[in-house]
1. Please work out which residue is surrounded by the most Cβ atoms within 10 Å (Cβ to Cβ), limiting yourself to the stretch 1-32 and to residues that are under 16 Å from residue 59 (Cβ atoms) and within 13 Å of the chain's Cα centre (by Cα).
2. Taking the options 64, 116, 29, name whichever one is more than 23 Å from residue 139 (Cα to Cα), in contact (Cβ under 8 Å) with a residue 24 or more places away in the chain and out of contact with any strand residue (DSSP E or B) (no Cβ under 7 Å at 6 or more places or on another chain).
3. Look at residue 40 and say whether it is in contact with a helix residue (DSSP H, G or I) (Cβ under 8 Å, 6 or more places away or on another chain) and under 28 Å from residue 92 (Cα atoms).
4. Could you check the stretch 61-74 and list, in sequence order, the residues that are surrounded by 13 or more Cβ atoms within 10 Å (Cβ to Cβ) and over 12 Å from residue 33 (Cα atoms)?
5. Between 93, 40, 122, which is in a loop (DSSP other than H, G, I, E, B) and closer than 23 Å to residue 136 by Cα?
6. Would you say residue 55 is surrounded by 14 or more Cβ atoms within 10 Å (Cβ to Cβ) and in contact (Cβ under 8 Å) with a residue 40 or more places away in the chain?
7. Residue 132 - would you say it is closer than 26 Å to residue 67 by Cβ, under 12 Å from the mean Cα position of the chain (by Cα) and surrounded by 19 or more Cβ atoms within 10 Å (Cβ to Cβ)?
8. Go over the candidates 35, 85 one by one and state the one that is surrounded by 13 or more Cβ atoms within 10 Å (Cβ to Cβ), assigned to a helix (DSSP H, G or I) and in the same structural domain as residue 161 (by TED's automatic domain parsing).
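The values are calculated or read from the model by the stated rules, or taken from the named source; none is laboratory data. Not measured: the values here are computed from a predicted model. We place every Cβ from the backbone using ideal geometry, glycine too, and count neighbours over all the protein chains shown.
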């Protein structure tokens with residue numbers, strides 16, 4: 001999971017040099033599809049431009065792309081995946097998003113959780129750990145809070161979450177380290 005986190009971090013930062021070096025280090029260790037999926041899902045957290053640039057680096061090392069994946073019913077798949085990640089907080093999340101804008105709720109469920117996070121190629125645990133790396137890298141403390149719990153609900157152990165987030169403390173801005181560490185500790189007490 002560490003290597004996926006580094007790939008996602010480099011994508012989120014749009015650090016082409018870092019990405020190129022770490023893609024090379026992943027060869028023979030990570031499945032090519034896993035690297036591709038980690039980059040593709042970063043679209044949700046870093047945007048199209050950074051994802052496009054990361055995929056360009058991936059194609060240098062892996063010129064052949066995998067076939068298009070289609071999750072049958074995006075809404076149903078998104079509901080199921082987001083229910084796992086948010087557990088008893090799922091209804092509250094949807095209500096909060098609806099208050100911001102109902103289209104945001106629909107896009108989050110159908111696109112974010114249905115089209116992207118429900119895809120094959122990575123386990124839900126690997127996806128959630130990758131989400132944590134992207135959120136830490138981009139300084140998104142509030143969303144990180146929800147996804148620490150989500151990683152736990154998806155089956156990532158407390159020890160693995162703490163280990164992973166501690167490793168990535170060195171990458172994030174110094175002024176954010178205490179906030180992310182506090183959130184990790186708070187969320188894993190519940």
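1. The extreme case among them is 11.
2. 29
3. Yes, satisfied.
4. The answer is 61, 71, 74.
5. Being in a loop (DSSP other than H, G, I, E, B) and closer than 23 Å to residue 136 by Cα holds for just one of 93, 40, 122, which is 122.
6. No; evaluated as a whole, the condition is false for this residue.
7. Details: closer than 26 Å to residue 67 by Cβ: no; under 12 Å from the mean Cα position of the chain (by Cα): yes; surrounded by 19 or more Cβ atoms within 10 Å (Cβ to Cβ): yes.
It is false that residue 132 is closer than 26 Å to residue 67 by Cβ, under 12 Å from the mean Cα position of the chain (by Cα) and surrounded by 19 or more Cβ atoms within 10 Å (Cβ to Cβ).
8. 35
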